[in-house]
Amino acid sequence: MKNFFLSLLFLCLQFSVTAQVTLKYYLPEGQAYDSKIPTPKEFLGYEVGEQHATPYEVNAYFRELARHSDRMKVETYGRSFENRELLLVTFTSPANLANLENIKAEHKKLANPDLSKGLKIKDMPVVIWMGYSVHGNEASAINASLLAGYHLAAAQGPEIDALLKDAVILVDPCLNPDGATRFSTWVNSNKSQTLVSDGNSREFRETWPNGRTNHYWFDLNRDWLYQQLPESRGRLVKFYDWRPNILTDHHEMGTNSSFFFQPGIPARTHPITPRSNIDMTSRIGTYHAKALDKIGSAYYTKENYDDFYYGKGSTLPDVNGSIGILFEQASSRGHLQESINGPVSFPFTIRNQFVTTLSTLQAGKELRQDLLAYQKDFYAQKATGDVKAYMFGGSNDPISTWEMVNMLKRNQVDVYRVTRAEKINGLDFSKEDAYVVPLDQPQHRLITSMFEKRTTFQDSAFYDISAWTTPLCMNVPYTEVKGALSLGQKVEDNPFPAGKVVGNSSLAYLYEWDSYFASRATYELLSKGYVLKYATEPFTVLIDGKEKEFSYGTIQVTGKGARQLLETLAARDGITFYAQSTGLTEKGINLGSEKFRVMEKPSILMITGDGVDANDAGEVWHLLDTRVNLPLTFADISTVNRVNLSKYSHIVLNHGRYSELSAEQIKNYVESGGTLIALGDGATWAARNKIGSASFKAGAAPDTRGKKLPYASQNNINGAMSTAGTIFEARIDVSHPLCYGYKQTYLPVFKVNNTVFEDTQNAFNTPVMFTENPLMAGYVHPKNLERIRKSPAVIAQRTGSGQVISFTDNPNFRAFWYGTNKLFLNAIFFGKGIGGGRFGEEEE
């Protein structure tokens with residue numbers, strides 16, 4: 001009976017936590033508000049925390065506030081893939097609002113040492129950016145933005161007046177509207193009137209891929225630096241337009257935790273970030289501690305999280321003269337959930353996010369002059385060291401070079417043309433396609449982080465990747481420049497490198513597989529019924545009276561009436577098409593040779609659902625859908641087990657768990673002529689089920705046998721064994737179909753796991769092999785480095801009548817690893833030809 005009454009009391013407390021919450025629960029005690037400004041409940045029809053607000057409702061509420069308040073303006077900075085608005089809402093005093101463009105112009109001078117010397121910092125407002133819910137299912141943040149908006153629009157009194165006079169506050173209420181819409185729909189539709197707190201309840205168990213990610217299942221919090229996605233691209237325009245002094249990044253973590261605020265682990269801060277940044281973050285942290293102490297909320301700091309990878313929302317500001325602050329709130333993941341610390345209610349999580357919003361604003365106001373002086377001093381410091389500039393270019397794929405310039409320019413980096421051909425450190429750079437990035441400019445820290453090849457670290461554990469060297473990602477040749485160098489014209493506009501059609505022919509046209517978008521043009525030509533053939537050997541023809549060599553993978557287009565379409569594709573995809581009026585060549589195979597193989601139009605199935613890594617799957621979907629215009633079928637494992645797979649030319653298995661997938665069905669598919677592309681754990685699943693004959697090296701363990709070590713060191717020792725984002729050098733066979741379109745011998749490959757193939761001992765089926773000394777940039781444990789040396793990165797095997805193409809890692813990582821996308825696309829467009837036909841046939 002006693003237990004019955006205790007259980008009843010617990011249920012009543014659970015219900016009362018949310019059912020009895022009013023606006024008063026959240027707002028500062030004694031604060032007066034303008035009654036003419038609508039509260040969230042007056043507009044939405046429910047109290048904050050009573051249910052999950054959708055991005056549409058949040059945006060509508062901010063627009064309603066703007067109708068009633070003279071302290072704010074609302075602007076759209078972008079739209080998501082699902083066409084949802086991304087808003088930036090500016091709050092400041094009416095006087096500042098009327099003078100906003102001048103304030104912005106003066107503030108931006110802080111980042112220019114030539115203009116900042118005469119600035120009167122004591123008269124300048126601080127700029128504070130508040131960012132909520134970049135992960136769509138971390139919903140306490142987006143719902144806290146409603147309270148932030150109401151408070152800033154409606155609060156009355158000298159304190160708020162002083163804040164708005166001394167600050168320009170930029171509120172980004174929902175960074176990921178697509179994911180947040182998925183999540184809010186899920187939890188609201190699975191909510192009971194009598195709240196259920198059992199973590200096993202459906203409310204807390206989102207279906208795959210869940211609401212964390214955007215439309216293409218990308219983690220938007222990893223896209224701040226390279227900005228491959230529209231949400232990030234629009235946001236960073238505004239970020240650099242303002243260069244805030246503080247940027248907050250509001251997140252959630254596991255339900256059994258409490259509340260975290262930065263700084264993170266000091267030893268895991270990127271060494272380019274000044275120590276004064278950590279000190280300033282710590283000073284601001286005292287405001288958060290005081291505010292959370294006041295409401296009795298538990299918290300911690302300087303643990304778990306780091307500030308290393310500059311591609312996150314809380315770290316990119318650190319290399320831009322700002323103070324980036326990560327907040328992590330223990331998540332209710334619904335409306336009320338049990339935890340080891342007691343029930344976690346949705347209103348409680350929202351309140352913590354709102355309270356630290358207010359503590360940030362207080363810190364910004366009171367530390368205003370220090371923050372402005374910090375940013376000014378940050379940019380006044382010149383680059384030191386022997387390296388004066390970086391030169392890059394000369395790639396056989398001008399599209400990758402073009403996008404690399406775009407990446408730099410999106411991050412406010414000045415890029416220049418070269419004045420003449422240069423030969424530096426053994427690399428040749430032509431005047432036509434080379435660029436130079438001098439370090440004598442305000443963004444020198446960011447430039448260094450994007451070009452350096454760091455391999456030594458203070459700590460051996462990383463919350464995210466340890467290397468992101470831009471030219472290696474893009475597979476663009478580059479070098480350090482240590483001597484004097486004259487700069488050419490500064491790149492202002494960066495037009496797309498359009499191709500052209502050379503000549504006219506009713507016989508055939510040729511184009512090389514070098515261009516990044518060659519696969520897009522190829523799929524369109526195949527879809528329109530043109531017969532395409534690819535060369536399995538090089539050949540030479542005359543173009544305008546001069547010999548031109550065409551390499552492996554050159555495409556021959558046959559069929560009349562192609563020129564008009566080819567002109568469109570040349571302009572759109574950066575490809576040059578060469579007309580041929582004869583099938584005879586000067587050297588090598590003729591155009592009618594059997595060594596030109598007919599291409600098949602691919603039809604691809606990607607397996608998705610529970611257990612599959614949604615990020616990796618989304619990267620494949622995004623690549624094929626947005627960069628190749630190839631329709632991708634994706635189906636969950638339960639569906640795949642019931643369908644006829646013979647209609648698909650390729651099946652893609654990404655990293656993930658496939659214990660419920662029918663191995664017999666996949667094996668029969670391959671042996672009957674299908675092509676399986678398996679990545680990461682997808683490759684290990686195939687190998688375990690004897691689909692292909694790839695095998696894997698045993699994992700490495702830390703050297704602890706026979707030792708007695710402190711128990712507290714266990715996590716660090718085990719963490720040091722992880723390979724979490726490191727760049728390695730591989731040797732490639734450009735004659736192999738998987739490497740068509742490459743012309744160099746070595747290729748940078750990104751590795752995010754410890755999966756390592758055993759060598760097959762076959763002379764022809766390992767076209768991508770890690771070199772003897774493969775580490776190029778990032779961290780790897782010495783034991784894992786030894787395992788990786790001279791091992792295959794890719795194995796391409798004939799199995800029955802089909803093929804198994806296995807990758808140890810993801811060649812499409814986060815959409816910015818352009819350099820290895822071609823390997824994956826080649827598996828699609830040329831995979832059928834591996835080991836097949838009369839030429840180059842190999843045994844399994």
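The values are calculated or read from the model by the stated rules, or taken from the named source; none is laboratory data. The model shown is predicted, which means the values in this text are computed figures rather than measured ones. As a convention, Cβ positions derive from the backbone with ideal geometry for all residues, glycine included, and neighbour counts pool all protein chains shown. Note: areas computed on protein heavy atoms with side chains; ligands, DNA, RNA excluded. Shrake-Rupley method; radii C 1.70, N 1.55, O 1.52, S 1.80 Å.
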Would you confirm, using the coordinates I've provided, whether Ser527 is open to solvent by 30 Å² or more (accessible area, probe 1.4 Å) and modelled with pLDDT under 95? no
Out of all the residues in segment 434-449, is one or more surrounded by fewer than 17 Cβ atoms within 10 Å (Cβ to Cβ) and under 26 Å from the mean Cα position of the chain (by Cα)? no
Of all the residues that make up segment 23-61, how many are outside any loop (DSSP other than H, G, I, E, B) and touching a Ser or Thr at 6+ places or on another chain (Cβ under 7 Å)? 3
In this structure, does Ser339 turn out to be over 30 Å from Val168 (Cβ atoms), hydroxyl-bearing (Ser, Thr, Tyr) and either open to solvent by 20 Å² or more (accessible area, probe 1.4 Å) or assigned to a strand (DSSP E or B) (or both)? yes
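Yes or no, residue by residue, for (1) of a type in the set (Gly, Ala, Ser); (2) without any contact (Cβ under 8 Å) to a residue 12 or more places away in the chain:
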| residue | (1), (2) |
| --- | --- |
| Thr536 | no, no |
| Gly545 | yes, yes |
| Ser551 | yes, no |
| Val557 | no, no |
| Thr568 | no, yes |
| Thr582 | no, no |
Scanning segment 469-488 for residues that are within 22 Å of Glu432 (Cβ to Cβ) and among the hydroxyl-bearing types (Ser, Thr, Tyr), the one modelled with the lowest pLDDT turns out to be Ser486
Within the group Asn59, Asn112, Asn99, which residue is buried (at least 19 other Cβ atoms within 10 Å of the Cβ) and not charged (D, E, K, R)? Asn59
For the list (1) part of a loop (DSSP other than H, G, I, E, B); (2) buried (at least 20 other Cβ atoms within 10 Å of the Cβ), I need the number of the one condition that Val749 fails. (1)
Segments classed as strands (runs of 3 or more DSSP E), wholly inside segment 613-702, with at least 3 members that are open to solvent by 30 Å² or more (accessible area, probe 1.4 Å): 632-636
Output the residues belonging to segment 62-93 that are part of a loop (DSSP other than H, G, I, E, B) and surrounded by 15 or more Cβ atoms within 10 Å (Cβ to Cβ). Ser69, Arg71, Ser80, Phe81, Arg84, Thr92, Ser93
Enumerate the pairs (first residue in segment 620-638 and within 18 Å of Tyr516 (Cα to Cα) and of a type in the set (Gly, Ala, Ser); second residue anywhere and surrounded by fewer than 19 Cβ atoms within 10 Å (Cβ to Cβ) and at pLDDT 95 or above) with beta-carbon separation below 9 Å, excluding pairs fewer than 6 apart on the same chain, so at least 6 apart or on different chains. none
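Per-residue answers, yes or no, for (1) closer than 19 Å to Asn352 by Cβ; (2) assigned to a helix (DSSP H, G or I):
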{"residue": "Val134", "(1), (2)": "yes, no"}
{"residue": "Ala144", "(1), (2)": "yes, yes"}
{"residue": "Leu147", "(1), (2)": "yes, yes"}
{"residue": "Ala153", "(1), (2)": "no, yes"}
{"residue": "Leu170", "(1), (2)": "no, no"}
Top-ranked residue of segment 295-332 - restricted to ones that are in contact (Cβ under 8 Å) with a residue 24 or more places away in the chain and out of contact with any strand residue (DSSP E or B) (no Cβ under 8 Å at 6 or more places or on another chain), ranked as farthest from Ile246 (Cα to Cα): Ile295
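Check Gln369, Gln362, Gln329 and return the single one that is buried (at least 20 other Cβ atoms within 10 Å of the Cβ), over 30 Å from Tyr478 (Cβ atoms) and modelled with pLDDT of 95 or more.
From the options Gln369, Gln362, Gln329, the qualifying one is Gln329.
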Name the pairs: first residue in segment 114-126 and of a type in the set (A, V, I, L, M, F, W, C), second residue in a loop (DSSP other than H, G, I, E, B) and open to solvent by less than 70 Å² (accessible area, probe 1.4 Å), Cβ to Cβ under 9 Å, at least 6 apart or on different chains? Val126/Pro244; Val126/Asn245; Val126/Leu367
